[in-house]
1. Using only Cα atoms and rounding to the nearest 10 degrees, what angle (0 to 90) does helix B:59-77 make with the longest principal axis of chain B?
2. What's the average, rounded to a whole number, of partner chain beta-carbon atoms within 10 Å of each residue's beta-carbon in B:77-89?
3. What is the mean number of Cβ atoms from other protein chains located within 10 Å of the Cβ atom of each residue in peptide A:135-146, rounded to a whole number?
4. When the convex hull of the C-alpha atoms of the stretch A:227-297 is computed, what volume per residue in Å³ does it have?
5. Report the calculated FRET efficiency for residue B:56 and residue A:108 (r = Cβ-Cβ distance, R0 = 41 Å), to the nearest 0.05.
6. Once the Cα atoms of helix A:181-190 and of chain A are each reduced to a long axis, what angle between those two axes, in degrees from 0 to 90 to the nearest 10, is obtained?
7. Fewest to most neighbouring Cβ within 10 Å: what's the order for A:242, A:106?
8. Considering every residue in B:114-121, what mean count of other chain Cβ atoms within 10 Å of its Cβ is obtained?
C-alpha cells in the first residue's frame, strides 16, 4: 500500500494535465497534441556517486539539476522545453518524503521553464539514487541549431561566465567555508540555470550557425562543435569570462582559474558559433533582454588547425577533449 | 578516449537517422517532424538486482526487455512506437562489449517494431547496471484507449496466456533444468513480446473502452482499470488462460498455476474492457490477423463490488492489488 500512497502524492504534486495534454501521469503513456513545430527529444541520467553526492546536494537540488540539464539541451538546440517523463530509482535508505523532495526539485524547475511532467516510473534501487529524465521540446523550423553548422571565420561566443560549477564542486570537496565567493560557487554547482531565453534572444538578432551547452566543459564542448562542423577553433585565453567566484576559489586552492573555466562541466552556458558581424548586436540584445552577458572568446578556423588556446603572450596550446587534464 | 570510442561504436550500431528524423544521436537533442497524430510518451527503467539479474539474463535480453516494456505501454494506449532515448548506467565490471550487447538487444527489438533510437546517455554507475528508456509513439485520435473508459456490463478479455513470466522467474531462481515447458517459461520471462499488432487488430473490429498491458500482474492490472474507470471487475478463474509452461512449472514447484497467472508481471499481454457483443468477432479477427488468442475472462460490474475472482464452485474471493500475496 505504501507504494500506492507515494504514487498518489507524487501525482498530486504534479497536478492536472496542462494545455494540449490529453492524458498525464497514471496511464500507460502520456498523450498530447503535436506542437506543429519540430519535435525535440533528449534525456539525462544522474547517478549517485557519479553525478552527485547526497552530502553535498539536497534531494531538491539533485532533482532540479537533472531537469536543468535536460532543459539546457533543448535550449542549446534552439527550442522550448515541453513535457518530461521522470524515472527515480530509490535506494532503501530514502524515505517517501525524500522521493517527494526529488520531485519537488524537478517540479520547481519545471514551473520556471513551462515544462509539464507527464509520466514517470518510481522503482527500487539496491544501492544509490538514480534520477533519469527524458524531455521533449518544440522548435521553429528556422531556429534549430545543431553542433554541425560552424564555418571558418565565425566568431565563437559564450553566455554568462565559466568555472563556477567546477569551483563549487571543489569547494564542496575541500569543505571550504561559505565566505565570499565560495557560497556562490557552490550555488552554481548545485543549482545552475539553463539558457532558454538567451537562445531565443539570439535568434531575434542573429543567425547562429552552431550551438551547444557547456555540459562537459568548455574545452570538450569546443571540440564537439569542431568535430561535428568539420572545423577548428581558436580560443583567446584572455577573453574567456571566468566567474569571479571561480577566481576566488581558485586562489584559495592555489589552482589556475582558467583551468577551472576550461574544465568546468555542467555550466549550462551556451557556446555559439555565429557570423563575426553579428556579435556586437547579439551581445547587446541578449544582455538587454535577459541580463546575461554574451562574450566573444574566439573564432572558427580550418579543421587542420584543430582546437587551440592562445595565451596572452601569444603561445598556442592544443585544447584536448578532456578540458582539464591536458593542461596539467 | 575510450569513452569516445564506445560512443562512436554505439552510434554506428544505431545507424543513420530514419524517415522524418532531422537530427539523430550525437547532438544536444534529437529533432524530428511531428507525426500529425496524437503524440505518446512513456518511460521505463530497469535496475540490476530489482528488475533483472545478470546471472539469469544476457545483456542483450536486459536491453531488449526494457525496450519491450516501453513498446508494450504504447501498444496498450492504442499507438505505434516511434522514437526512443536510452540511458545506460554502466558499473565498473562491465566492458565496452557488454554495453554494446545491451544496445544490440535494444536495437534488435527496435528493428522488429519500427522504433528508432534517437539519443542516449552512457554514464558510469558505482554498483549495478541501470537501463532507462523513454519512448515516443503516435496514435490516431480515435484509437487512444486509456484505463479509464470501462463501463458496467463490458466484457474483460486478455490476449495470449498468462503466468509464463513468473513461472520463468521461479524456474530461474530454483535453477530448474531446461526440460519440457521450463525453457519456454524462462524464455517468456527473459524475452516477452509487446502486443502492438494485436491492439491494432482490435480496433479494426471493436471499440475497446479501456486497455492496459499486464505489467504488474493480472490481479493488480485489473485493479488499475477498475480504479481509473470507477468500476468493479469479476474474473472467472476457469476462463483465465494459464500458459502451458506455467502449469508445468507450477506442478514441479508444487504451487497453484492460477496464482502464478494472477501474480505474473511483465507478461505484456493486453487486458481490455470492451462491449460484450464485440467479443466473439474481436477474438476471431485478432487470432486471424496476429495468431494470438483473445480470451474472455470476466466482466465489468458496479464499483461497490470491487474486483473479485469467481472459482469453479462459485466461491468469490477478493482480488487484491498485489496479485499473489492476497491469495496466500
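1. 50 degrees
2. On the way: counts 6, 3, 3, 0, 1, 2, 2, 3, 8, 3, 10, 1, 9.
So the per-residue partner count for this stretch is 4.
3. Values: counts 4, 7, 4, 1, 3, 0, 3, 0, 0, 5, 2, 7.
Mean inter-chain Cβ contacts per residue within 10 Å come to 3.
4. Values: hull volume 8.5 nm³, N = 71.
Taking the convex hull of the Cα positions in the stretch A:227-297, it is 119 Å³ per residue.
5. Details: r = 40 Å, r/R0 = 0.97.
The value I calculate is 0.55.
6. In chain A, helix A:181-190 runs at an angle near 60 degrees to the longest axis.
7. On the way: A:242 22, A:106 29.
Ordered from fewest to most neighbouring Cβ atoms within 10 Å, A:242, A:106 come out as A:242, A:106.
8. Values: counts 0, 0, 0, 0, 4, 6, 3, 8.
Per residue, the average neighbour count from other chains is 3.
Every number in this text was worked out from the coordinates using simple rules, so none of it is lab data. The structure presented is a predicted model; accordingly, all values stated were derived computationally and were not measured. All Cβ positions, even for glycine, are placed from backbone atoms using ideal geometry, and neighbour counts span all protein chains on display.
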